[in-house]
Amino acid sequence: MDFEYSQKTQALMDKASAFIEQEIEPQVALYHEQLAQDPWGSPPIMESLKAKAKAAGLWNLFLPPAYAEYSPGLTNLEYAPIAELTGRCHIAAEVFNCSAPDTGNMEVLARYGSPAQKEQWLVPLLAGDIRSAFAMTEPEVASSDATNIETSIESDGEDYVINGRKFYISGAMHKNCQVMIVMGKTDPNNPNRHLQQSQVLVPMDTPGVEVVRPMQVLGYQDNPEGHAEVVFTNVRVPKSNIILGEGRGFEIAQGRLGPGRIHHCMRLIGAAQKSLELMCQRVNERTVFGQPMSKLGSIREDIAASYCEIEQARLLTLKAADAMDRYGNKGAKDLIAMIKIVAPAMAFKVVDRAIQAHGAAGLSQDLPLAKFFAYSRTLKLADGPDQVHMMQLGRNLARRMAETGSL
């Protein structure tokens, strides 16, 4: 196994790292000042940074080689360390047009969309001209089992009529969010529960779409994207808005979540790495009980454990990325489940240690640690709770042992 990044990857990493350090991080305070003036809009500095990133070729880096017409065409293994770098600064992914949920929606449209759907929605998303949302989770059912989704998508002549309630719909609060991909049931009585669902494109300005409120995440609004509660009341869209066809919703969801999970995991590793660096700086600068904090045994143990855990998660995630490139998302499903279990738990522990080392300052808005903490905790639920991934991984391993006699 080759543990070295390719020259191409290293060059992109150097370029992205320099851009984040020199262009993005110095503007974070201004970003938040401007955001306070228009909480659900895009701050002017964000648009300025996007223009610079696009001109520098740091744009749409997440799309794989099959879609090189839209992007540099990086493999998962090539993109993974870039995603890690964006995790170090919470606005960096958007600057590079590589932030969720837009990335997942762009992948869906690039992979499954019709030519007309691509022209209407994918092209402006790739240009960064609009934002989007993905509407799956519902408050009334256990949405970790996507077959529970109750939103109805009923055929009516040349249209579909949508009724239901969704919540934690990331991106839907943004003023520039112009379209949602909505998952619901077109065939609720199909004996195959995985063929009941479909996904359909719903413009935000469609009559009957009501954004009820922003949902907070551990006290954060996560603006400007936000996480909306949305009610659909007799929302009518043309049948040409369905993606891939009726009954294909679960299939699309699985294709969408594989890459998205690895992107999140690498960003979490970046957040953990940044947290460890801040912790090391802090304990070298502070004196407690007559000596530098760095001389305390408990601090040294926290630093050592964090360094080990980050490296373990990074290597496992890179292995998953490599397997996705070699064998596809389905062939790498066990490794994808493993990183989704490991990375959020690792980041949660590392960020928590960094907060503790900083004392009260670790909880403040002066450092990114509180935001990292909320992000890592959220990712123990988003894109599938830990328990679902462990259940499926355990099932797959037990079955493999029974069928082949080995793991």
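Only the coordinates and a few stated rules stand behind these numbers; no lab work does. Just so you know, these numbers come straight off a predicted model, no measurement behind them. Positions of Cβ are backbone-derived with ideal geometry, glycine not excepted, and every protein chain shown enters the neighbour counts.
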Any of LYS185/LYS371; LYS185/LYS340; LYS52/LYS118; LYS8/LYS349; LYS175/LYS319; LYS166/LYS274 with alpha carbons more than 31 Å apart? Name them for me. LYS185/LYS371; LYS8/LYS349; LYS175/LYS319; LYS166/LYS274
When a/c is below 1.5 the answer is rounded, else prolate if a/b is larger than b/c, else oblate, so apply that to region 131-243 with a ≥ b ≥ c taken from the square roots of the Cα gyration tensor eigenvalues. oblate
Stretch PHE289-ASP366 to full length: gain in nm at 0.36 nm per residue minus the Cα-Cα span? 25.2 nm
One-quarter of the Cα convex hull surface for the chain, in nm²? 21.5
Alpha-carbon radius of gyration plus Dmax, which is the widest Cα pair, for region 7-113 in Å: 14.0, 43
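Computed over the Cα atoms, what is the radius of gyration of region 250-404 divided by 2.2 N^0.38 Å, N being its residue count? Before the final figure, lay out each step's value.
Details: Rg = 17.9 Å, N = 155, 2.2 N^0.38 = 15.0 Å.
Expressed relative to 2.2 N^0.38 Å, the Cα Rg reads 1.20.
Cut-off is 10 Å between beta-carbons; in what order do MET390, MET183 appear when sorted fewest neighbours first? Could the numbers behind the result be given before it?
Values: MET390 14, MET183 26.
Neighbour counts put them in this order, fewest first: MET390, MET183.
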Mind checking which aspartates and glutamates have their C-alpha under 17 Å from LYS50, skipping anything on the same chain fewer than 8 residues away? GLU21, GLU23, GLU25, GLU94, ASP102, ASP129, GLU225
Once ALA66 and SER155 are pulled to full extension, the length gained, defined as 0.36 nm per residue separation minus their Cα-Cα distance, is 28.7 nm
Assigned charges on the beta-carbon of Lys, Arg, Asp, Glu; the chain dipole about Cα centre (debye): 800
Extension gain (nm, one decimal) between LEU218 and VAL231, 0.36 nm per residue minus Cα-Cα: 2.4 nm
With unit charges on the beta carbons (Lys and Arg positive, Asp and Glu negative) and the dipole taken about the Cα centre of the chain, which residue among VAL283, MET215, ASN76 sits farthest to the positive side? VAL283
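Which order do CYS177, CYS280, CYS265, CYS308 fall in if you start with the one that has the fewest other Cβ atoms within 10 Å? Write out the running numbers ahead of the final one.
Details: CYS177 24, CYS280 17, CYS265 32, CYS308 11.
Arranged by neighbour count, lowest to highest, CYS177, CYS280, CYS265, CYS308 become CYS308, CYS280, CYS177, CYS265.
If I take R0 = 35 Å and measure r between the Cβ atoms of MET390 and GLN37 in this structure, what FRET efficiency does the formula 1/(1 + (r/R0)^6) give, to the nearest 0.05?
Values: r = 44 Å, r/R0 = 1.25.
Using R0 = 35 Å, I get an efficiency of 0.20.
Rounded to the nearest 20 debye, what is the charge dipole size of region 7-113 about its Cα centre when +1 sits on each Lys and Arg Cβ and -1 on each Asp and Glu Cβ?
So the dipole magnitude of region 7-113 works out to roughly 260 debye.
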Kirkwood hydrodynamic radius over Cα pairs of region 206-322, then Stokes diffusion coefficient at 25 °C and 0.890 mPa s, in µm²/s: 128
Globularity index of region 45-188, i.e. its alpha-carbon radius of gyration over 2.2 N^0.38 Å: 1.15
The orientation-averaged projected area of the Cα convex hull of region 346-407, in nm², is 5.3
Which value in nm describes the separation of the simple spin-label points at CYS308 and ALA11, placed 7 Å from the Cα toward the beta carbon? 3.9
Student exercise, region 131-243 dipole from Lys, Arg, Asp, Glu Cβ charges, in Debye to nearest 20: 200
